[in-house]
Amino acid sequence: MAAPQIEWDQALIEKYNHAGPRYTSYPTALEFSEQFTDADFTAAASRYPQRPLSLYLHIPFCHRLCYFCGCNKIVTRHQHKADRYLDVLEKEIQARAPLFSQRTVSQMHWGGGTPTFLTTTQISRLMAMLQQHFTFAATPEISIEIDPREIELDVLDHLRAAGFNRLSMGVQDFNKTVQEKVNRVQDENVIFALMARARALGFASSNIDLIYGLPKQTPESFAYTLQKVAALNPDRLSIFNYAHLPAMFAAQRKIKDADLPDAQQKLTILQQSIASLSAAGYQFIGMDHFARPQDELAIAQREGKLHRNFQGYTTQGDSDLLGLGVSAISMLGDSYAQNHKELNSWYNRVEQQGSGLWRGVMLNEDDCLRREVIKSLICHFTLDIRALEQRWSLSFADYFAQDLDLLMPLAEDGLVEIDAECVNVTTRGRLLIRNICMCFDRYLRHKARLQSFSRVI
């Protein structure tokens with residue numbers, strides 16, 4: 001059965017459109033501490049030895065700077081820098097892999113930066129390293145992010161032969177004026193050719209990333225982008241809100257405030273995007289993600305098995321996540337750990353101590369409980385109160401009294417429905433799921449924390 005449509009309520013969206021976390025983790029990275037040690041990491045890795053393993057590899061390099069980007073990246077044309085990076089990454093793999101010798105890798109993702117900055121030789125080298133040190137499942141899910149401006153068609157053949165079966169392509173916008181303003185001009189024909197080649201090669205799933213709120217975007221111009229996306233027909237789609245934070249990201253200073261669409265235009269773009277994708281048969285997964293009903297992501301949501309981690313929504317919620325490379329984040333049982341974000345710091349840490357560990361956090365029981373609540377709401381738009389009470393041996397109304405007080409105004413506005421059995425997010429509340437989750441976030445009781453997050457819409 002298809003998921004219910006989102007109900008667009010302009011007044012409520014404007015009322016609740018303030019800053020908040022994306023909840024790729026709970027607690028969020030703001031709670032990570034440099035007191036977290038390699039010994040803590042080792043203990044976390046050994047806590048759930050029966051769990052499958054998901055690998056994340058961060059490749060930080062890009063050939064060109066996109067002005068909107070807030071990712072951890074290094075812009076360079078010097079290919080040899082990737083050789084140096086792989087030398088150090090191999091040392092980190094050699095140090096970390098023995099901690100997971102009993103595990104099977106069921107999922108792997110290469111992100112960045114631009115992973116296809118690597119040459120085919122470098123791609124093969126890294127894949128060989130990983131296969132040497134980790135045990136992979138017979139049919140693992142292996143995905144990679146690609147930049148359509150900097151890839152030849154036959155690289156897809158190489159990726160497929162190397163074991164990749166999913167890809168994600170950053171398109172952002174098909175309008176040439178918008179592309180010029182963010183320094184990301186790309187050939188539309190190449191994008192269509194890449195998608196066609198991926199399907200011919202048997203890639204199981206393709207994802208397209210778009211961004212709304214970019215300079216010179218209008219509802220009319222973005223309608224053209226949506227037409228092109230409909231023709232591309234990807235399995236999954238992400239439509240991200242551009243957060244203009246020039247004080248945090250130097251590249252964004254090249255974008256003129258006067259060129260940005262105003263708040264009302266951004267909402268109109270989002271509203272028409274949702275309407276267009278719903279009409280095209282996509283299932284709204286949550287926040288900014290859509291998927292074809294037959295895609296694994298959509299199926300997992302309908303079956304109550306969807307999960308969320310630092311890569312966003314995922315189907316493999318029973319896995320631990322090991323992040324490798326500069327800035328990469330691991331999620332191991334009841335702990336999170338992050339590598340150094342600055343490249344030379346990561347190089348030095350790995351070469352001196354074997355890992356790039358920078359900081360992390362060990363979750364207490366309250367953290368684990370709240371993580372489960374937030375995950376259920378953000379993935380499935382519902383929370384089974386009775387099941388939670390049985391699993392955690394608590395009275396929901398008593399334990400979450402303060403949280404329910406915070407939730408009541410949202411219930412009065414029709415965003416959630418609460419009874420003794422469950423909390424249900426209404427179709428009106430789905431776009432504002434981050435606000436609903438924030439009511440259960442103990443760390444947000446300190447209002448200053450909100451200044452560190454982007455707006456929810």
Quiz prompt | Restricting the range 9-27 to residues that are open to solvent by less than 20 Å² (accessible area, probe 1.4 Å) and in a loop (DSSP other than H, G, I, E, B), the residue that is farthest from GLY356 (Cα to Cα) | solution = GLY20
Quiz item: Given the residues ILE385, ILE374, ILE418, ILE457, which is the only one that is within 19 Å of the chain's Cα centre (by Cα) and modelled with pLDDT of 95 or more?
Solution: ILE374
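Residue under question is SER276, and the condition is that it be closer than 26 Å to GLY213 by Cα, hydroxyl-bearing (Ser, Thr, Tyr) and free of Cβ contacts under 8 Å to residues at least 60 places away in the same chain; does it hold?
Details: closer than 26 Å to GLY213 by Cα: yes; hydroxyl-bearing (Ser, Thr, Tyr): yes; free of Cβ contacts under 8 Å to residues at least 60 places away in the same chain: yes.
Considered against the rule, which asks whether it is closer than 26 Å to GLY213 by Cα, hydroxyl-bearing (Ser, Thr, Tyr) and free of Cβ contacts under 8 Å to residues at least 60 places away in the same chain, SER276 comes out as yes.
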Quiz prompt | Inter-residue pairs, beta-carbon under 6 Å, first of a type in the set (D, E, K, R) and in the range 22-37, second crowded, with 16+ Cβ neighbours inside 10 Å, 6+ apart | solution = GLU31/VAL361; GLU34/ARG359
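Of all residues in the range 402-417, count the ones that are part of a strand (DSSP E or B) and either crowded, with 17+ Cβ neighbours inside 10 Å or of a type in the set (Phe, Trp, Tyr) (or both).
Taking the range 402-417 as the starting set, the residues that turn out to be part of a strand (DSSP E or B) are 416-417.
Remaining after also requiring either crowded, with 17+ Cβ neighbours inside 10 Å or of a type in the set (Phe, Trp, Tyr) (or both): 416.
The qualifying residues number 1.
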Quiz prompt | Where GLY360 falls short, out of the listed (1) at pLDDT below 95; (2) under 30 Å from LEU388 (Cα atoms) | solution = (1)
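Restricting attention to the range 272-307, which residues are part of a helix (DSSP H, G or I), over 10 Å from CYS379 (Cβ atoms) and open to solvent by 10 Å² or more (accessible area, probe 1.4 Å)?
Filtering the range 272-307 for residues part of a helix (DSSP H, G or I) gives 272-279, 296-302.
Cutting the leftovers down to over 10 Å from CYS379 (Cβ atoms) gives us 272-279, 296-299, 302.
GLN272, ILE274, ALA275, SER276, SER278, ALA279, GLU296, ILE299, ARG302, listed by residue number.
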Exercise. Give the residue that is least open to solvent (accessible area, probe 1.4 Å), with candidates limited to residues of the range 146-175 that are under 17 Å from GLN107 (Cα atoms) and not aliphatic (A, V, I, L, M).
Key: PHE164
Quiz item: For the range 153-197, how many residues are part of a helix (DSSP H, G or I), in contact with a strand residue (DSSP E or B) (Cβ under 7 Å, 6 or more places away or on another chain) and within 15 Å of VAL229 (Cβ to Cβ)?
Solution: 3
Quiz item: Inside the range 258-271, can you point out the residues that are among the aliphatic types (A, V, I, L, M) and open to solvent by 30 Å² or more (accessible area, probe 1.4 Å)?
Solution: ALA258, LEU260, ALA263
Quiz prompt | Residue list for the range 350-392, restricted to those being open to solvent by less than 10 Å² (accessible area, probe 1.4 Å), assigned to a helix (DSSP H, G or I) and either without any contact (Cβ under 8 Å) to a residue 40 or more places away in the chain or of a type in the set (Gly, Ala, Ser) (or both) | solution = LEU369, ILE385, LEU388
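For the structure I just gave you, tell me whether LEU65 is farther than 24 Å from THR315 by Cα, under 22 Å from the mean Cα position of the chain (by Cα) and either modelled with pLDDT of 95 or more or part of a loop (DSSP other than H, G, I, E, B) (or both).
Working: farther than 24 Å from THR315 by Cα: yes; under 22 Å from the mean Cα position of the chain (by Cα): yes; either modelled with pLDDT of 95 or more or part of a loop (DSSP other than H, G, I, E, B) (or both): yes.
Yes: the conditions hold for LEU65.
The values are calculated or read from the model by the stated rules, or taken from the named source; none is laboratory data. These numbers were taken from a predicted model, which means no experiment stands behind them. Every residue, glycine among them, receives a Cβ derived from its backbone with ideal geometry; neighbour counts consider all protein chains shown. These area figures cover heavy atoms from the full protein model, side chains too; ligands, DNA and RNA do not enter into them. Shrake-Rupley method; radii C 1.70, N 1.55, O 1.52, S 1.80 Å.
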